[in-house]
Amino acid sequence: EAQVTQNPRYLITVTGKKLTVTCSQNMNHEYMSWYRQDPGLGLRQIYYSMNVEVTDKGDVPEGYKVSRKEKRNFPLILESPSPNQTSLYFCASSFVRVGPMNTEAFFGQGTRLTVV
Amino acid sequence: QKEVEQNSGPLSVPEGAIASLNCTYSDRGSQSFFWYRQYSGKSPELIMSIYSNGDKEDGRFTAQLNKASQYVSLLIRDSQPSDSATYLCAVNMFRDDYKLSFGAGTTVTVRA
């Protein structure tokens, strides 16, 4: 089954304790991205990756890191989480196609993170 | 100006009625447009994609695109309680071919 898998689904942590949220896709997609979703603000892109070893900042990258060592995996790292990073996080992946008919994104199940 | 804006809602419609959702976008060169449905606490799922001006129908859903007006809409005909969800408009920004920018979403409630 084609899917994007995130882990964990729920996480409560304390301020400053490093954490990693994993994301893996089995569709051979080149493009992967991380979003956070907050009430009234919609989905905002944190980081994205066009392919292995190619990553770039999205709209709200502060406080986050990512890596793309393999095509299927795109972990999100919070080196020193703070309460303002409490949010619902989604990983998404898509093909990279030239032309207008592109980039339908497939989403993971989401990770609800609470930083206290 | 936000890249993608949706009518804020919430939108409440009776069962069997038409729900109309609107979305405008700022990047005139954008070429790919999507509507996602998101149930509370769940991940977004794609329900419609549209790339050309005009209407595109899929079952009870119709997407409408007007690039000159930078406007895309979604109509849900014969609304059902199972349509109660938040609907997200997403647009590929022309200046960044692969980035999807999302609106804040419109929450629809279908009253039985």
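Here the accessible area is traced with a 1.4 Å probe on the protein chains. For chain B, carbon and sulfur cover 46 percent of it. Take every Cα pair under 8 Å whose residues are at least 6 apart in sequence, average their separation, divide by the length of chain B, and the relative contact order is 38 percent. In this structure, B:Gln80 and A:Thr114 have a Cβ-Cβ separation that, at R0 = 25 Å, corresponds to a calculated FRET efficiency of about 0.15.
Per residue, the convex hull spanned by the alpha carbons of chain A comes to 102 Å³.
Taking 30 Å as the limit for the C-alpha separation, the pairs A:Lys71/B:Lys2; A:Lys71/B:Lys56; A:Lys65/B:Lys99; A:Lys69/B:Lys2; B:Lys67/B:Lys99; B:Lys56/B:Lys99 exceed it in the case of A:Lys71/B:Lys2; A:Lys71/B:Lys56; A:Lys69/B:Lys2. A simple charge model with +1 on the Cβ of Lys and Arg, -1 on the Cβ of Asp and Glu and nothing else charged puts the dipole of region A:1-63 at about 340 debye relative to its Cα centre.
Return one whole number: the accessible area per residue of the protein assembly as shown in Å², for a 1.4 Å probe. Before the final figure, lay out each step's value.
On the way: 10610 Å² over 228 residues.
Dividing the accessible area of the protein assembly as shown by its residue count gives 47 Å².
Every Cα-Cα pair in region B:1-106 was counted, and those over 20 Å apart are 34% of them.
Once B binds A, the 1.4 Å probe can no longer reach about 1800 Å² of accessible area, counting both sides.
In this structure the amide hydrogen of A:Ala105, modeled in the peptide plane, comes within under 5 Å of no amide hydrogen from residues 5 or more places off or on another chain.
Quote the charge dipole size of chain B about the Cα centre in Debye, to the nearest 20; the model charges only the Cβ of Lys and Arg (+1) and of Asp and Glu (-1). The partial results should precede the final answer.
Working: 11 positive and 12 negative charges, 26 e Å.
Dipole about the Cα centre, nearest 20: 120 debye.
Compactness of the protein assembly as shown, taken as the C-alpha radius of gyration over 2.2 N^0.38 Å, stands at 1.01.
Taking B:Ser82, B:Ser49, B:Ser73 in turn, the Gaussian network model of chain B (Cα-Cα springs below 10 Å) assigns the largest fluctuation to B:Ser82. In the assembled protein chains, B:Lys42 presents an accessible area of approximately 110 Å² (probe radius 1.4 Å).
Given an 8 Å cut-off on Cα distances and at least 6 residues of separation, report the relative contact order of chain A as a percent. Mind dumping the intermediate values first?
On the way: 306 pairs, mean separation 40.9, N = 116.
Over chain A, the number comes to 35 percent.
With a 10 Å cut-off between alpha carbons and a GNM built on chain A, which of A:Gly42, A:Gly16, A:Gly58 moves the most? Sorting by GNM fluctuation, first place goes to A:Gly42.
The values are calculated or read from the model by the stated rules, or taken from the named source; none is laboratory data. None of these values were measured; they are calculated from a predicted model. So basically every Cβ, Gly included, is an ideal-geometry build from the backbone, and we count neighbours across all protein chains shown. With ligands, DNA and RNA removed, areas are computed over all heavy atoms of the protein, side chains included. Shrake-Rupley method; radii C 1.70, N 1.55, O 1.52, S 1.80 Å.
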